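The values are calculated or read from the model by the stated rules, or taken from the named source; none is laboratory data. This structure is a prediction, so every number in the text was calculated from the model and none was measured. Using ideal geometry, Cβ is built from the backbone for each residue, glycine included, and neighbour counts are taken over all protein chains shown. Ligands, DNA and RNA are stripped out before the accessible areas are found, and what is left, the full protein with its side chains, is counted by its heavy atoms. Shrake-Rupley method; radii C 1.70, N 1.55, O 1.52, S 1.80 Å.
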Amino acid sequence: MAYQMATPAHSAHGAPRAHPSWSPYDNNGGTCVAVAGQDYCVVAASTRMSTGFSILKRDSSLFLQLSDQLVIVTAGFQADSRTLHKTLQTRYVQYQFAHRRPMSVGAMAQLLGNTLYYKRFFPYYTFNLCAGLDAEGKGAVYTYDAVGSHERVGFSCQGSGKDLIQPVLDNQLKAASPLVLPPEEWMTSLPLAEAVDLVKDAFVSAGERDIYTGDAVEILIITKEGTRKEVIPLKKD
Amino acid sequence: MLPVPTSHSPALGPGCAGPSLAYASASTRSDIAPPSAQQPCCGSEPFMVDPSAAAGLGLRRHTDTPYVTGTSVLGITYKDGVMLAADTLGSYGSTKRYKSFERLAKVNDATVLGAGGELSDFQYIQTLLDELATEDYCADDGMQLTPREVYAYLSRVLYNRRNKFDPLWNSLVVGGLEGGVPFLGTVGMIGVHYTDKHIATGFGQMLARPLFRERHRPDMSEEEATELLHDALRVCYYRDKQTTNKFQIAKVTAEGVSVSEAFALETQWGYQAFVNPAANALGTW
């Protein structure tokens, strides 16, 4: 960033300038995907951190792994994301002291929604997925906007590459429309290995067209046995 | 003993100066809710803005825009530790206002800090770090903050100040040695922070970082690391007009912290590309 010489804080008419000369937000890019299966959850995120046309770091993780059954993944503004993760990590520990049991995905999903809404009028510029296994051992994915609206879904995608990936997931996972009544099963029946392959393909394709997605993709595979991590390299250009 | 006044206001959080009495806490007022999940631990109102900033809204505009600025800071890890490099210029717009301003500073025996951006804010940050060391009750047991702790602290300070809409206008680089392992991190004015094997702020991100990506290895010798930094600084001097040919290199090794005397680099202005820079840049004009 080139530092500009200070300019007068008043406009030509002498009225105070309405806007500050800097932005409290940045978009550091990154894409994340989560797919819920009958007995698994696949969560993936790219590792490139950018600002504008510059790459800041090639191996930055978007994950907050709270336990081997519960993970939050965040794209958007890195400083807000790290702050949010710090808060949630602390609240996760406090919850366990208070309730003497691990936090369920549903509880964390609600907490994340509340934490985001708490900053409704100076929002965290973050785009989150909360994923894990629910009480029945089924995959659970919750998807959010920056101010805390959320919904449980069968799969979702957030961040810079979402425009490229979400339609592919819609098509490949053949989710019944939520408008169909009576409601139909929306969770994918895809076997785990095929879901992982789909996620890999999605990231390779997004990396081809989205400059904020690249370098590598971290994939967390959550089953009742625990969490397994894979790292797949992407193009570095 | 009388408490020493510090630059921290407990109401406003790290890095915020302000009257300590400005916050209404449950201990002084009965109508205030005690700290809870929705109330900050300090007892102040959520989203509290620095009262002194709010009082003169539209008038108090000290560091809304930077005045005296420093340009890039470069940093690399190498075999024995970490090296930081910067020039010594404090620019006032396009004026070379301060020509021997040291932008690399020792924080403690294992940590150095380099700064670009508003230099008065950098000096204020040094005050904060000095106070932190002064107030550290563990110091007598031979403890000091690790580089990672300094980095974590500074990232919170800068992020907190952006939340108050009164940012510290700096890009900081923290370097150090932690249990024999090199540490290198950077923090920007809105709180974006990351660690890497090599780092450059400001123009250096465009000019020096490509050189680092090509030539840097974590197991470089001191000579190789110095040479790489010299080459990167030289490119910054050639292409960034806010850079002067007066540099310092700071080093953190197992022996401790050293900040070099200022030095100049050999430059060569006779390159054909410099003689007629437009010769190979055929445009529509």
Residue A:105 being more than 14 Å from chain B (Cβ to nearest Cβ), of a type in the set (Val, Ile, Thr), open to solvent by less than 10 Å² (accessible area, probe 1.4 Å) and in contact with an Asp or Glu (Cβ under 8 Å, 6 or more places away or on another chain): yes
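Table: residues versus (1) within 14 Å of another protein chain (Cβ to nearest Cβ); (2) among the β-branched types (Val, Ile, Thr); (3) closer than 22 Å to residue B:246 by Cβ.
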position: B:109; (1), (2), (3): no, no, no
position: B:155; (1), (2), (3): yes, no, no
position: B:185; (1), (2), (3): yes, no, no
position: B:203; (1), (2), (3): yes, no, yes
Some residue of region B:199-209 being assigned to a helix (DSSP H, G or I) and closer than 16 Å to residue B:115 by Cα: yes
Any chance residue A:134 is loosely packed, with under 12 Cβ neighbours inside 10 Å and of a type in the set (Asp, Glu): no
Of the criteria (1) assigned to a strand (DSSP E or B); (2) away from every other protein chain (no Cβ under 14 Å); (3) touching a Phe, Trp or Tyr at 6+ places or on another chain (Cβ under 7 Å), which one residue B:233 fails: (1)
Residue A:126 vs. criteria open to solvent by less than 20 Å² (accessible area, probe 1.4 Å), within 14 Å of chain B (Cβ to nearest Cβ) and either in contact with a helix residue (DSSP H, G or I) (Cβ under 8 Å, 6 or more places away or on another chain) or closer than 19 Å to residue A:45 by Cα (or both): yes
Any chance residue A:143 is touching a His at 6+ places or on another chain (Cβ under 9 Å) and either within 14 Å of chain B (Cβ to nearest Cβ) or not charged (D, E, K, R) (or both): yes
Residue under evaluation residue B:173, criteria (1) within 12 Å of chain A (Cβ to nearest Cβ); (2) in contact with a Gly (Cβ under 6 Å, 6 or more places away or on another chain); (3) surrounded by 17 or more Cβ atoms within 10 Å (Cβ to Cβ), criterion not met: (1)
Condition check for residue B:102: without any contact (Cβ under 8 Å) to a residue 12 or more places away in the chain and more than 14 Å from every other protein chain (Cβ to nearest Cβ): no
Count - residues of region B:189-205 that are touching a residue at least 12 places away in the same chain (Cβ under 8 Å) and hydroxyl-bearing (Ser, Thr, Tyr): 2
Failed item, numbered, when residue B:160 is tested on (1) within 14 Å of chain A (Cβ to nearest Cβ); (2) crowded, with 24+ Cβ neighbours inside 10 Å; (3) assigned to a helix (DSSP H, G or I); (4) not charged (D, E, K, R): (2)
Residue in region B:72-93 that is within 14 Å of another protein chain (Cβ to nearest Cβ) and either modelled with pLDDT under 60 or out of contact with any strand residue (DSSP E or B) (no Cβ under 7 Å at 6 or more places or on another chain) (or both) present: yes
Evaluation of residue A:207 against (1) within 20 Å of residue A:47 (Cβ to Cβ); (2) surrounded by fewer than 19 Cβ atoms within 10 Å (Cβ to Cβ) (one fails), failing number: (2)
Residue check, residue B:102 within 28 Å of residue B:221 (Cβ to Cβ) and of a type in the set (Asp, Glu): yes
Single residue of region A:166-180 satisfying the filter (modelled with pLDDT under 85 and either charged (D, E, K, R) or open to solvent by 80 Å² or more (accessible area, probe 1.4 Å) (or both)) that is farthest from residue A:200 (Cα to Cα): A:179
Enumeration of residues in region A:33-44 that are out of contact with any Ser or Thr (no Cβ under 8 Å at 6 or more places or on another chain) and either outside any strand (DSSP E or B) or within 14 Å of another protein chain (Cβ to nearest Cβ) (or both): none
Residue match in region B:133-143 (condition: more than 20 Å from residue B:192 (Cα to Cα) and either surrounded by 15 or more Cβ atoms within 10 Å (Cβ to Cβ) or touching a residue at least 60 places away in the same chain (Cβ under 8 Å) (or both)): yes
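Per-residue answers, yes or no, for (1) at pLDDT 95 or above; (2) within 14 Å of chain B (Cβ to nearest Cβ):
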position	(1), (2)
A:5	no, yes
A:9	no, yes
A:31	yes, no
A:46	yes, no
A:53	yes, yes
A:60	yes, yes
A:66	yes, no
Single match in B:113, B:168, B:129 (criterion: assigned to a helix (DSSP H, G or I), open to solvent by less than 50 Å² (accessible area, probe 1.4 Å) and closer than 25 Å to residue A:80 by Cα): B:129
